[in-house]
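Taking it in order: structure first as structure tokens, then the write-up.
The values are calculated or read from the model by the stated rules, or taken from the named source; none is laboratory data. Computed from a predicted model, the values in this text were never measured in an experiment. All Cβ positions, glycine included, derive from the backbone under ideal geometry; neighbour counts span all protein chains shown. Accessible surface is based on the protein model in full, side chains and every heavy atom, while ligands, DNA and RNA are left aside. Shrake-Rupley method; radii C 1.70, N 1.55, O 1.52, S 1.80 Å.
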Amino acid sequence: MCGIALIISGIRFDLSSLLLDTTPPVTNSDQLEFTIADLAAALRRRGPDSLGTKKLLLHSSGSEIMSGVEEEFNNCFSAANGRTPCMHFFGATLQLRGVNPVVHPLIDSSKNVLVYNGEIFGGIEIASKENDGEVLMGLLGGCEGCVPNVVSRIKGPWAIIYWQESSRTLWFGRDAFGRRSLLVHWPTVEDSRFLLSSVSPVASNEHSSAENGTTKLGFWEELPCGIYSVSIDAPNGDGSLVGEVKKHEWTNAMLEELIKWERTSVEPKPKELHISRCETVRGQHDMNSLTSDIVPMPSKSGNIQASISVPAEAVLIALRESVLRRSSLHRIFQASMHVEKNLVPVAVLFSGGLDSMIIAALLHDCLDPSYEIDLLNVSFDGQSAPDRISAKAGVSELRRIAPLRKWKLVEINADSSNLTFETKRVLSLINPANTYMDLNIGIALWLAAGGDGWVYEENSKYNDENRQGVRYKSKARIVLVGSGADEQCAGYGRHRTKYRSGSWLRLHEEMKLDMQRIWKRNLGRDDRCIADTGKEARFPFLDEDVIRTLLGIPLWEVTNLDQPSGIGDKKILREVAELLGLHEAATLPKRAIQFGTRIARESNRKNFGSNRAANQASAGSVVIHKQLDTA
């Protein structure tokens, strides 16, 4: 994983082909609200292993690469009149792959420049000793104009900024589901600079007009998923450069189908619905007879037991492969393993709910038994928060099905009245999102991913107030997150509302809308908040093969919203949980992180006076206009 950024000045941009919906508000062209040091610090938190910068000076006849110093770089933050057009590349690395250390930006002998934030889990062959960024650089450098073809092949999350010297073209974009953040500041008449960044920096300038020290809302926006190019030319003969921005089509037919998110079987015939409901058998008795420490998984033939539905088996197989891809430990990571005792390479953001329980059980099956697994749980109401209660029950169930695994429930306790620093930081991280709901979710994710809490002995009683704990901070560099499960399996209350008002077709349309806007509403924000702690967020439910498998299943096999919450919603995942022996987790209702941790309740009381007043004001969607009282 990396934090990546680019600053371009001295070029006039033609954005006419993009048909942008909105024009960013006017900003002062003399000085940005953050400095190079602010940007570098924000990127370095995402990539603590290394930070590199390169400056590319653009001339009408060619370019010149320089290793910039801060004073030179700051010139690009001010008006570019009279200065040579330039591009500044930034790359901060959290390296999880390859034998040798890699520092971004990557530059080859042809003066191509790459900063890459992603993981190639498939589509392009990566050997165990190779770094996927270096492999990608080799592929891109060996082609002319084929960037869309190369990146369309990638299975996995990515954001990319790539300068192709031979064609004088800048390529940038993010994967089709937006699993990696990439923010953009489009040039305006008042501010001609073009900026890309993984994150919005916290402004250190005391005189900044930004609220709480963050960059002014509206300066950044989420870059829509896709592949873009800027072709640099000097058409007027006076040496001035013009960049024409275009968006390109994906070239992978399978990927196009996933983006369209069309399901062939949406409306069941009465006979199909009757058969489905009669044949959905949990298989609990057979699963209880299994005593192996390893979580029971389907064989390659897909057969577990005759009583479990074939769709559930297919989803389980796809999910297992997804978790396996996201928990494989590559060579550079393995090199340091012998020096640490009780190594924890991968953690789970853990509420004890259905999604995180499935991920934890599958991670146990995929990870070497000698490694411990951290289960990161945050609470704003001590031991009384619903997510803390379900997490304790969940780890007990995991220890039942996998007694030889060392499970660590990391209890992270927060006090919403004493989060001045955290609130300022997270306000910047969620930007351009700007509601109290985004802030509450962001703070909960940031604290949970930080993994700084308490661990208690396995046999201590959770309701014992005198139990002794040990202060603990998780060192896992990979965090598995359950994002995407609710969108694909009808886990939200609005899905039930749509189903009741318009039946299956309206439900499908709402789920499709959720998946096609998840990049803007969820994933960019979540990636920024988690990555700021120096950990890489990975989303097993958003694996391309998992998405394709779920779309191939009739909608009535995925969910049954005629049944109560905790039974019919996310029906297919409840069957998967049963296959894994997670009988208690299979019946848990959906609970959003802001409610399960009780941060929403505390925020409502603090900012609206009471939960009742907050509900009347629809607090979750209220935009944060004024400076928050974080004292």
| note | Length gained if residue 188 through residue 497 is fully extended, taking 0.36 nm per residue and subtracting the Cα-Cα distance, is 107.1 nm
| note | Rounded to one decimal in nm, the spacing of the 7 Å Cα→Cβ label points at residue 584 and residue 521 is 3.2
| field | Top positive-direction residue, dipole computed over the stretch 136-184 with Cβ charges, set 176, 150, 137 | value | 176
| For the stretch 94-102, what does the Karplus curve 6.51 cos²θ - 1.76 cosθ + 1.60, with θ = phi - 60°, yield as ³J(HN,Hα) per residue in whole Hz, taken in order and with x for Gly and Pro? | 10, 8, 10, 9, x, 8, 9, x, 10
| request: Whole Å is fine, so just give me how far the alpha carbon centre of the stretch 104-124 lies from that of the stretch 566-619. | output: 40
| request: Estimate the FRET efficiency between residue 404 and residue 167 by the formula 1/(1 + (r/R0)^6), using the beta-carbon distance for r and 56 Å for R0, to the nearest 0.05. | output: 0.50
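Suppose all protein chains stay in the model; what accessible area per residue would a 1.4 Å probe give for the stretch 475-631, in Å²? It would help to have the intermediate numbers written out before the result.
Working: 5760 Å² over 157 residues.
Spelled out: the 1.4 Å probe surface of the stretch 475-631, per residue, equals 37 Å².
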| Once phi is turned into θ = phi - 60°, what whole-Hz ³J(HN,Hα) does the Karplus curve with 6.51, -1.76 and 1.60 give for every residue of the stretch 535-551, x standing for Gly and Pro? | 10, 9, 7, 10, 10, x, 6, 9, 5, 4, 6, 5, 4, 5, 5, 5, 5
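Once you sort the root eigenvalues of the Cα gyration tensor of the stretch 365-427 as a ≥ b ≥ c, which label holds: rounded (a/c under 1.5), prolate (a/b larger than b/c) or oblate (the other case)?
Numbers: a/c = 4.01, a/b = 1.94, b/c = 2.07.
It comes out oblate by the Cα gyration axes.
Just list whichever of 406/473; 408/590; 129/406; 246/520 have alpha carbons separated by over 22 Å in the model shown.
Working: 406/473 16 Å; 408/590 24 Å; 129/406 29 Å; 246/520 20 Å.
From the list (406/473; 408/590; 129/406; 246/520), the Cα-Cα distance tops 22 Å for 408/590; 129/406.
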| field | Net charge, residue 152 excluded, C-beta distance under 13 Å - Lys, Arg +1, Asp, Glu -1 | value | -2
| task | Pop out the carbon and sulfur fraction of the accessible area of the stretch 90-210 as a percent, whole number, probe 1.4 Å. | result | 49
| said: Run the simple label-point estimate for residue 124 and residue 458 please: 7 Å along Cα→C-beta, distance reported in nm. | reply: 4.2
| message | How large a share of the accessible area of the stretch 489-562, in percent, is made up of carbon and sulfur atoms when the probe is 1.4 Å and the other protein chains stay in place? | response | 45
| What is the local net charge at residue 598, summed over the other residues whose Cβ is closer than 12 Å to its Cβ (Lys, Arg +1; Asp, Glu -1)? | 0
| How far apart, in nm, are the 7 Å Cα→Cβ label points at residue 565 and residue 415? | 3.1
| Candidate aspartates and glutamates for bridging to residue 111, where Cα separation is under 18 Å - those fewer than 8 sequence places away on the same chain excluded | 64, 134, 144, 165, 233
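Quick one: net charge around residue 234, please, counting Lys, Arg +1 and Asp, Glu -1 for every other residue with C-beta under 11 Å from its C-beta.
Numbers: positive: 12, 168; negative: 233, 238.
Spelling it out: positives minus negatives among the neighbours equals 0.
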